[in-house]
Amino acid sequence: MGKVIAVANQKGGVGKTTTCINLAASLAATRRKVLLIDLDPQGNATMGSGIDKYEVENTAYELLVEEKPFADVVVRDTPGKYDLIAANGDVTAAEIKLMEFFAREVRLRNALAAVRDEYDFIFIDCPPSLNMLTVNAMSAADSVLVPMQCEYFALEGLTALIDTIGKLAAMVNPGLGIEGILRTMYDPRNRLANDVSDQLKQHFGEKVYRTVIPRNIRLAEAPSFGAPAMYYDKSSAGAKAYLALAGEMIRRGEQTQARKQA
């Protein structure tokens, strides 16, 4: 059964969408079957995946509100070699329409139930706010991956997010927990970044990925070409970092599986 991971942080501009696109592509490059679900009405993950959000016929709106079959909504084999549920401005209306439904917080979980076995990893790109779309993502997910910059205010945001995850776990998804904390836009020359990084490792231990994502111009440029960094410039530091992160996630999964079998 595929692992469903919500990529979330209530603070914007921390690299959520960049992480979704590049991690999905990196895992797909290891011959894992990957699905990326864009739940942000801005549609950045859709555009960054090489799909025109203005031309796409079906989006997460049709999946969540109209309950169209998954096969009619999914975009197969994007330039990053993963499948995609797209988003555009229509998804804003989904947030409003969902309020009309019974069991509205589990619509995404129900929609994915029949296809989880088809994928090794399912990533959900969450909006930077706690709304019904984010609640659906958290309800459907096994865990939450938190990208964050190593800045002072980011620590406060992380505390708020962990509190939110705890509340949602109590209400809609008892098994929900932290998949990992990813340090993004990292500059090792910055003393504050190193201090915050040390605090993260002290408080969260192994939940903090060893891999760090550096500040990298190629990562910023790649979305405008509709491709993950590894297909835009595979030699860039950003592309190599996400490939390393994919490897780390796979090793963690194998170690967890081995412990369960033991």
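The values are calculated or read from the model by the stated rules, or taken from the named source; none is laboratory data. Being a predicted model, the structure only gives us computed values, none of them experimental. Glycine gets a Cβ as well: all are built from the backbone with ideal geometry, and neighbour counts include every protein chain shown. In case anyone asks, the SASA skips ligands and DNA or RNA and just uses the protein heavy atoms, side chains included. Shrake-Rupley method; radii C 1.70, N 1.55, O 1.52, S 1.80 Å.
Laid out as a table, the results:
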item	result
Selection from N131, L112, S143, by position along the positive dipole direction of the chain (Cβ)	S143
Region 136-262, accessible surface, carbon-and-sulfur percent (1.4 angstrom probe)	53
Whichever lysines have a C-alpha closer than 28 Å to that of K240, once near sequence neighbours (fewer than 8 apart) are set aside	K3, K11, K16, K33, K53, K81, K201, K207
Rounded D (µm²/s) - region 161-262, Kirkwood Rh over Cα pairs, Stokes-Einstein at 25 °C, 0.890 mPa s	155
Within a Gaussian network of the chain (alpha carbon springs, distance under 10 Å), most fluctuating of G177, G48, G205	G205
Given charges at beta-carbon only (K, R positive; D, E negative), |dipole| of region 1-68 in Debye	560
Packing-based order for 242-253, 29-40, using average beta carbon neighbours within 10 Å, highest first	29-40, 242-253
Alpha-carbon radius of gyration plus Dmax, which is the widest Cα pair, for region 144-212 in Å	12.6, 42
Theoretical ellipticity at 222 nm over the chain - DSSP helices of four or more residues, -39500 (n - 2.57) apiece, nearest 500	-13500 deg cm²/dmol
Span-like helix ranges in the chain, DSSP H, alpha carbon extent 15 angstrom or more, Kyte mean at least 0.0	16-29, 152-171
Highest-fluctuation residue, N190, N131, N110 considered, GNM on the chain with Cα pairs under 10 Å	N190
Charge dipole magnitude, Cβ of K and R +1, D and E -1 - the chain, Cα centre, debye nearest 20	1060
Highest-fluctuation residue, N194, N44, N136 considered, GNM on the chain with Cα pairs under 10 Å	N194
Per-peptide average of other Cβ atoms within 10 Å, ordering 14-22, 254-262 highest first	14-22, 254-262
Contact order normalised by residue count of the chain, Cα under 8 Å, 6+ apart, percent	26
Reported label for calculated Cα extents along the principal axes in Å given (1) 49, 45, 36; (2) 49, 41, 41; (3) 71, 41, 39	(2)
Relative contact order of region 1-149, pairs being alpha-carbon contacts under 8 Å that are 6 or more residues apart, as %	43
Accessible surface, per residue, of the chain when the full set of protein chains is kept, probe 1.4 Å, Å²	46
Nearby aspartates and glutamates by direct alpha-carbon distance to K167 (threshold 14 angstrom, same-chain neighbours under 8 apart not counted)	E105
